[in-house]
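Quick notes on the structure that follows.
The values are calculated or read from the model by the stated rules, or taken from the named source; none is laboratory data. Everything numeric here is computed off the predicted structure, so don't read it as measured data. Here Cβ is always computed from backbone atoms with ideal geometry, including for glycine, and neighbour counts include all displayed protein chains. Areas reflect the complete protein model, heavy atoms only, side chains present, ligands, DNA and RNA absent. Shrake-Rupley method; radii C 1.70, N 1.55, O 1.52, S 1.80 Å.
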Amino acid sequence: MVPPPLPPSNHQAIQQFLSSVLSQRGPSALPYTEDTKWLIRQHLVSLISAFPSLEPKTATFTHNDGRTVNLLQADGTVPITFDSVTYNIPVIIWLIESYPRHPPCVYVNPTRDMIIKRSHSFVNPSGLVSVPYLQNWIYPSSNLVDLARELSLIFGRDPPLFSQRPRPSPSPSPSPSSITNPSYHPNLSSLTNSSSFGSVGSTGGSGYPRPIRPPQYPPPSPYGGGVGVVGKVGTDDAAEVYKRNVINKLVENVHGDMLQLRKTREAEMESLFTAQAVLRRREEDVNKGLKELRDGMEVLESQLQVVLMNTDVLEAWVRQNEGKVKGVTKDIDVDNAFECVDVLSQQMLECTSVDMAIEDVVYSLDKAVQEGAMPFDQYLRNVRLLSREQFFNRATAAKVRAAQMQAQVASMAARAPHYAA
């Protein structure tokens, strides 16, 4: 059976009530984030439109650790169909502080003549409901209307409440609003039939008795006086109606500005994240370059050690041969001015001198050709012969240099302990 729709006045009162309590600021403000209050309002309005037997309220919720907080709740009944008969299951849906990013907290709320079914699949002895829709809650697609529909479907297959035998009353005649049930019957025979659903506090028809509660009004809004859900708007004057409409329009405009500001900030954050990624890549490049510089510095330090060792060798040679030139005549043979220490050095000196002499000869031949002092064909023949000889000398010098390097490394390795000391 589809629940009857709310009257227009009651629906407007619910919207005004939710706008009022969600717009509170300061110590009396509800503990919901500003970017989710509009979605919470829409969820509750849709829930009350689909299930008029539920009523939005504010009440004090006590956490398991003893903390108390003022939260929104949807209190009332959810219609179910059991054995082809429609009943109403009293429930309370608490919207916790992190709603709607996290699921609400749902309890069945049995009256004094009801008990919770033992070993129920989705309701524990304290009345806490744990249906799959709550366990698979996905923000922002999940909502209260689908939750209430799943509660109605699951409770219709396995009702969580039973009626119990009423205690004998000392009064000779029972109250007309009480439920008479001569025996314990586990098929919800004493639960309220949805076809005779009354307003809050009513006990007429076959509905389950509910205590008459005084109307609950929300705390005053900083934007103007709002009315509670049970208030009547038919007696308001035009000024009050216009004032409430202006407040609602202002709330909608503020919400639109918040969404636009959020989009702008998200774009700015995206650009900042992009800049951060670029800076990180540059940091990696700088660190890589710094590592290469450190490696190069180590290579230069090792080469500096080699140069210092060679300097020591040359200085020792100079000190050793400094006195040999004393008393020598001025006519010194250039070819015998340098005395090689070994055969490799002598061979290197000869190859180098021949190479440099050939360079000078080729240069002189180039000048002669340019000046026209030598025929061009003769120039080519001479350059070819000289180049061949120069190639062999350079190849020999390269082999001698490799042999000298090996000998030098062996000598350095032998002198390393001495320099370390």
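Scan Asp65, Asp75 and give me the residue that is open to solvent by less than 20 Å² (accessible area, probe 1.4 Å), free of Cβ contacts under 8 Å to residues at least 60 places away in the same chain and acidic (Asp, Glu). Spell out how you get there, then give the answer.
Numbers: Asp65 fails: open to solvent by less than 20 Å² (accessible area, probe 1.4 Å).
None of the others qualify; the one that does is Asp75.
Can you tell which of Gln12, Gln16, Gln42 is closer than 25 Å to Tyr242 by Cα, modelled with pLDDT of 90 or more and assigned to a helix (DSSP H, G or I)? Walk me through it before giving the result.
Values: Gln12 fails: modelled with pLDDT of 90 or more; Gln16 fails: modelled with pLDDT of 90 or more.
Gln42 is the lone residue from the list that is closer than 25 Å to Tyr242 by Cα, modelled with pLDDT of 90 or more and assigned to a helix (DSSP H, G or I).
Might you let me know whether region 314-323 holds any residue that is at pLDDT below 80 and of a type in the set (Lys, Arg)? Show your work before the answer.
If we filter region 314-323 for residues that are at pLDDT below 80, which is where we start, we get 321-323.
Still in the running and of a type in the set (Lys, Arg): none.
No: zero hits.
Would you confirm whether or not region 303-323 contains a residue that is touching a helix residue (DSSP H, G or I) at 6+ places or on another chain (Cβ under 7 Å) and surrounded by 10 or more Cβ atoms within 10 Å (Cβ to Cβ)?
Residues of region 303-323 touching a helix residue (DSSP H, G or I) at 6+ places or on another chain (Cβ under 7 Å): 309.
Of the ones still in play, those that are also surrounded by 10 or more Cβ atoms within 10 Å (Cβ to Cβ) are 309.
Yes, because at least one residue in region 303-323 is touching a helix residue (DSSP H, G or I) at 6+ places or on another chain (Cβ under 7 Å) and surrounded by 10 or more Cβ atoms within 10 Å (Cβ to Cβ).
If you scan region 368-394, which residues turn out to be under 21 Å from Cys351 (Cβ atoms), out of contact with any Leu (no Cβ under 7 Å at 6 or more places or on another chain), open to solvent by less than 40 Å² (accessible area, probe 1.4 Å) and without any contact (Cβ under 8 Å) to a residue 40 or more places away in the chain? Don't jump to the end; show me each part of the working.
Here is the first cut: in region 368-394, the residues under 21 Å from Cys351 (Cβ atoms) are 382-394.
Okay, now just the ones that are also out of contact with any Leu (no Cβ under 7 Å at 6 or more places or on another chain), so 384-394.
Still in the list and also open to solvent by less than 40 Å² (accessible area, probe 1.4 Å): 386, 390, 393.
Within region 368-394, Leu386, Gln390 qualify.
Inside region 270-300, can you point out the residues that are open to solvent by 100 Å² or more (accessible area, probe 1.4 Å) and closer than 30 Å to Thr36 by Cβ?
Those that are open to solvent by 100 Å² or more (accessible area, probe 1.4 Å) and closer than 30 Å to Thr36 by Cβ: Glu270, Leu272, Phe273.
Using beta carbons and a limit of 7 Å, which pairs, at least six apart or on different chains, have the first residue in region 23-44 and surrounded by 14 or more Cβ atoms within 10 Å (Cβ to Cβ) and the second one among the small types (Gly, Ala, Ser)?
Ser23/Ser221; Gln24/Ser221; Arg41/Ser19; Leu44/Ala74
Scan region 71-100 residue by residue and report those that are in contact with a helix residue (DSSP H, G or I) (Cβ under 8 Å, 6 or more places away or on another chain), outside any loop (DSSP other than H, G, I, E, B) and within 17 Å of Leu18 (Cα to Cα).
Leu72, Ala74, Ile93, Leu95
Give the residue that is farthest from Tyr133 (Cα to Cα), with candidates limited to residues of region 82-104 that are hydroxyl-bearing (Ser, Thr, Tyr) and at pLDDT 90 or above.
Going through region 82-104, the residues hydroxyl-bearing (Ser, Thr, Tyr) turn out to be 84, 86-87, 98-99.
Still in the running and at pLDDT 90 or above: 98-99.
Values: Ser98: 17, Tyr99: 15 Å.
Going through the qualifying residues, I end up with Ser98.
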